[in-house]
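Read through the structure below, which is laid out as structure tokens, and then see the notes.
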Amino acid sequence: MLLMLVSLLCCVHAVKSCLQCDSRIRLLNEDLVLSASSVAEQIEIQMICDHAYVTYRETSLERMGVIDPTTLYRARTEYQSEFNRFLNTDHSGSLTFDTIQMMEKGRKILEKHLDIFIRDGLCPNTCGLLNQRVMDCVSCRYMVYICPSPSGQQDCGEYPVQAEEGGQAVLNCFLPWHRLLLGKPEYHYSWAAGVPGTKKLNESDFKPLVVTDDSSVILNQLHVDEQGTYRCSLQGNGTVFYQVTFFLTVNPLPVETQRPLVTLPTLPRGDKYSPFQPTEGLLVVVVAMVTALSLAASVGLTVVLG
């Protein structure tokens, strides 16, 4: 009768917690119960485990009562490591006392990882809407946890972007919590031409640019007429989860100024310093020089031959 009672206690737990949603943890605890040397000790250890499950459940419910797969994996692996160390320890004293300590250590492990999850992993969206997949620690079933935008709207700000004409601009609207969204949402880029921020824009002013799985787009070889208001929205199944606006200003290149041609002033005709003398004057000078040289040569030859 006692053995049948122990079997029932091992198979059915009155309560569940985040940690007990992992079947490997349940099997570890059941193996611990069955490892007791007597039926009476098995019952006592099972009662300790059942009480621990109650405290685990309270710890879970105090922390939103949900957990994500990554946190459950981390808590389970640390619990398994401690549990294996516990099983390999020589329990020369009271096994029940050591079991109580082990169960309390498991509760602290669960508490630590849930605190980290609540602080960093659950609803990390500071703006925008997040539908997050988590596990309910009571039913051990996955559910959708809705994280509304703290600001009450999906618009997550406006950002100025400067670029040079002929250059490029990178628009990126990714945030880490986008990876947690259910399904396969896509980034929808659209734009409205004109100097950004000069007038209020309506929805009809925006023209579709691209729909992509990538969070960023690169605009190359920019022209001045491509400046304007660019919008990125993360959408899925008709729902807008997140939206940002970029004010892109394209600065034109400076106009190159050509150097004026420098013209030298023309000297008056006949100027004594000008290398360009009239043709007639130059001819007379040349003839006179040739005649003088000829006479000098004749005189020289006469003297020599004389």
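Looking across the stretch 113-130 at every residue that is more than 19 Å from the chain's Cα centre (by Cα) and touching a residue at least 24 places away in the same chain (Cβ under 8 Å), the one that is surrounded by the most Cβ atoms within 10 Å (Cβ to Cβ) is identified as Leu114. The lone criterion from (1) crowded, with 18+ Cβ neighbours inside 10 Å; (2) among the aliphatic types (A, V, I, L, M); (3) under 29 Å from the mean Cα position of the chain (by Cα) left unmet by Ile146 is number (1). Of all the residues in the stretch 53-69, those that are more than 13 Å from Gln20 (Cα to Cα) and outside any helix (DSSP H, G or I) number 4. Can you confirm whether the stretch 224-234 contains a residue that is closer than 12 Å to Leu129 by Cβ, touching an Asp or Glu at 6+ places or on another chain (Cβ under 8 Å) and not β-branched (Val, Ile, Thr)? Yes.
Arg119 falls short on exactly one of the conditions (1) more than 30 Å from Thr229 (Cβ to Cβ); (2) not in a helix (DSSP H, G or I), and that condition is (2).
Among the residues of the stretch 70-89, at least one is outside any helix (DSSP H, G or I) and either farther than 17 Å from Val138 by Cα or touching a Leu at 6+ places or on another chain (Cβ under 8 Å) (or both).
Read the figures in this text as sums done on the coordinates, not as results from a lab. Every value quoted in this text rests on a predicted model; they were computed, and no experiment measured them. Don't worry about glycine lacking a Cβ; one is built from the backbone with ideal geometry, like all the others, and counts go over all protein chains shown.
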